[in-house]
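Please treat every number below as a calculation from the coordinates, not as lab data. Because the structure is a prediction, the values reported are computed rather than measured. Ideal geometry is used to build each Cβ from the backbone, glycine not excepted, and the neighbour counts take in all protein chains shown.
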Amino acid sequence: MPVQAIAWSPSGAVRIVDQRALPEAKIERDLESGEAVADAIRTLQLRGAPLIGIAAAMGLVAGTRELRAAPRDRFLARLDEMARLLGATRPTAVNLRWALDRMTRVALETPGNWGSAAIWERLQAEATAIWEEDPGRREGAHPLQRGCARDRRDRDPAPAHLPRP
């Protein structure tokens, strides 16, 4: 049976299936903060290049959720802090860096007169778009069921987050 490896929880947290327990058990965790998402990536609770990128994008949303009413400069400083933290979890992960760059670009391209709440909403929409673009999500399988990123690179040298030709 397919497993949804990552999703938004009803509370707005990042819900993951801890992949260290698979296939023996399905353990779901709700990650309420960017730090919790970073820890999940670092401790291999999430595996597979596309999934790590999705988690990083969602982690930026979780990590800035409490600052929606803050001044724009404070919000963007927190976003930068979270992007650095998440980026350091797997420094060589192409999908992770790509997702963080895409999310940061969305925030910085938001008009200057828009407040933190509007930036956060755009980030949430962008993270959801990254999640929905993942072919594995559309197939309904977690990365362990659809093959790891290394296997994909053997078949197709394009990064796993890019559309296939």
Fill in the blank from the handout: The FRET efficiency for E66 and R105, from their Cβ-Cβ distance with R0 = 35 Å and rounded to 0.05, is 0.95
Practice task
Quick one: what are the phi-derived ³J(HN,Hα) couplings along the range 121-132, Karplus 6.51/-1.76/1.60 with θ = phi - 60°, whole Hz, x for glycine and proline?
Solution key: 4, 5, 5, 4, 5, 5, 4, 5, 5, 4, 4, 5
Handout entry: Inter-probe distance in nm under a simple model that places probes 7 Å from Cα toward Cβ, at E81 and N113
Key = 3.0 nm
Fill in the blank from the handout: Per the 1/(1 + (r/R0)^6) rule, R0 = 22 Å and r from the Cβ atoms of E132 and D30, FRET efficiency to 0.05 is 0.65
Practice task
Would you kindly derive the ³J(HN,Hα) couplings of the range 25-40 from the backbone phi angles with the Karplus curve 6.51 cos²θ - 1.76 cosθ + 1.60 (θ = phi - 60°), listing them in order in whole Hz, with x for Gly and Pro?
Solution key: 9, 10, 10, 9, 10, 9, 9, 8, 9, x, 5, 5, 5, 4, 5, 5
Completion exercise
Kirkwood radius from Cα pairs of the range 1-65 plugged into Stokes-Einstein at 25 °C, 0.890 mPa s, gives D in µm²/s equal to 212 µm²/s
Exercise for the section: Going by C-beta contacts inside 10 Å, put S9, S116 in order with the fewest on the left. Expected result: S9, S116
Handout entry: Rule-of-thumb Rg ratio for the range 6-135 [Cα; 2.2 N^0.38 Å; N residues]
Key = 1.00
Practice task
Can you tell me how much longer the chain between Q4 and A88 gets when fully stretched, taken as 0.36 nm per residue apart minus their C-alpha distance, in nm with one decimal?
Solution key: 27.7 nm
